[in-house]
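To start, the structure under review is shown below, and the notes come after it.
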Amino acid sequence: QLKNLTDENDRLQEDLVFFQDLTATGSKEGELGVHRLRLDRDMMPGEYNLRMLLVRGGQRAKQFNGSYQLVATIVENGQSGTHVFTQDVSGNDQFQLNFRYYQRVEQRIQLPPETQLESVQVRIFEKGVAEPKVRQSVSPS
């Protein structure tokens, strides 16, 4: 029980520091940032869980409309390469973003079990813009 309380206290301290940083940052009005980016291995080989918090700075942030893309750096059969996870042709909105201040994103990534995942780059695109507004990478923990 003491360990559970200690773990919960650590999470609350982390939340407190995060929100203090959010209010104290001198970020530009409407600036987009990726916070708490994590990539955790799942129980099954080749499966991962990615989590992030997208935050738009400023008091009067405008609505953000866009999407995200995940680009995995992998090693398969001794060859290094990339695998792009994007919105599928069916128009699935799992990669769509629409928020004013923040949006939590949780995404399951599945690769063949024999594939080694080196890192994942998150790319955030604003609607109608070809170049990513933000890029950030994370390695599995």
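Read-outs: derived from the displayed coordinates by stated rules, not from any lab. Note that the structure is predicted; figures quoted are calculated from it, not measured. For neighbour counting, all protein chains shown are included, and Cβ atoms are generated from backbone atoms with ideal geometry for every residue, glycine included.
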Using label points projected 7 Å from each Cα along Cα→Cβ, tell me how many nm separate Ser141 and Gln79, to one decimal.
-> 3.3 nm
Filtered trypsin sites (Lys or Arg not before Pro), segment 35-76: DSSP coil and at most 12 other beta carbons within 10 Å = Arg60, Lys62
Sorted by chain and then number, the residues having a modelled amide H within less than 5 Å of the amide H of Lys133, at least 5 places away or on another chain, are Ile124, Phe125, Glu126
How much net charge surrounds Tyr48 when only the other residues with a Cβ under 14 Å from the Cβ of Tyr48 are counted, with Lys and Arg +1 and Asp and Glu -1?
-> -1
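Report the gain in length on full extension from Asp10 to Val129: 0.36 nm times residue separation, minus Cα-Cα distance, nm rounded to one decimal.
Extra length available between Asp10 and Val129 comes to 38.9 nm.
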J(HN,Hα) series, segment 123-132, from Karplus relation 6.51 cos²θ - 1.76 cosθ + 1.60, nearest Hz, glycine and proline x | 10, 9, 10, 7, 4, x, 10, 7, 8, x
So between Arg38 and Gln69, what do we pick up on full extension, going 0.36 nm a residue minus the alpha carbon distance?
-> 9.6 nm
